[in-house]
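The values are calculated or read from the model by the stated rules, or taken from the named source; none is laboratory data. Since this is a predicted model, take the numbers as computed values, not measurements. All Cβ positions, glycine included, derive from the backbone under ideal geometry; neighbour counts span all protein chains shown. All accessible areas refer to the heavy atoms of the entire protein, side chains included, with ligands and DNA or RNA removed. Shrake-Rupley method; radii C 1.70, N 1.55, O 1.52, S 1.80 Å.
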Amino acid sequence: MNDKLPMLLQEAQMTLWLADAAGSPSGDPIFYGGFCNHLSLQMEYEGVVIKASGARYGRQYHADENHHLDFGQTWLVSRSTLEDFKPARNTQYVLQLLWTAGRQWLRRIYFGVTWQHILWQAPTPNQFLCRQSLRAQYFTADSGTITTPPPVIPPAPVPSVLQPVPFSRESPLIPGEYLLGFYQWNDTVTVSRLDVIYWPSQTQDTVLGLEVGGVLTGHTLTLPAGTANVEATQSQTVSFTIPPNSLVRWKILSGPDAVDAAWSVALTMLISGT
């Protein structure tokens, strides 16, 4: 029986922390829930060739390992300062990459992360990317089922200040599957608006449902069918709360099959503290 599970490398959900003196994540994440436009992971060994006296061939001994990460993201700046994130010199960070496939998840946490370079790039007139190259000392990996996923815990929300929480899916929206992104907060949060951009199905509406703590809440968002190759957008004003320590996901409830499905959806849930 085939037990292989395909993971899409580029669908990694990224979270970055400053490292403390012990090398562990410290404080609130610097960014969280991010999805990359490009991702490359490389592992290499630093080897020393040892050749015993009289031996015909030498043998390579792995003295150390290096990890190189290269990713690109949409260029983002702070609303208040209009400045982007600039990694500090001689400072270590912790980077988490989280993948999901069906009801399974896989996670890597890279430690001893330092920056090598940042490239601001405009591939097209309508696209601006920030490509970043990092080095890490090592990573740990774990996995499990979606019933016990490692959630992304964003910074505590502030009352009256809207905080965007991203969910996305590049591939077709197949009923029963989920958008990328799952979160939880240590405090109660209020959801006030949903913004979505997507490529619509031409045959049937697609309905998304909010799942909190593994249970559908009844809050839904309908993506109407539309014209082929025409990007659609919509916003919906809502008002409901999410209890603390509850895992939040968006599930695809209904829609056409893969051939006619909507695709490439990006949904932003705007929340604030209570």
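Side notes on the structure shown:
- Order by protection proxy (mean Cβ within 10 Å, highest first), peptides 55-66, 165-176: 165-176, 55-66
- Listed peptides 106-113, 41-48 by packing density, highest first (mean Cβ within 10 Å): 106-113, 41-48
- Amide H contacts for ALA225 (H built 1.01 Å from N in the peptide plane; partners 5 or more residues away or on another chain; cut-off under 5 Å): ASP205, THR206.
- Accessible-area value, CYS36, 1.4 Å probe, nucleic acids and ligands omitted, Å²: 10
- Solvent-accessible area, 1.4 Å probe, carbon plus sulfur percent, for the range 176-274: 48
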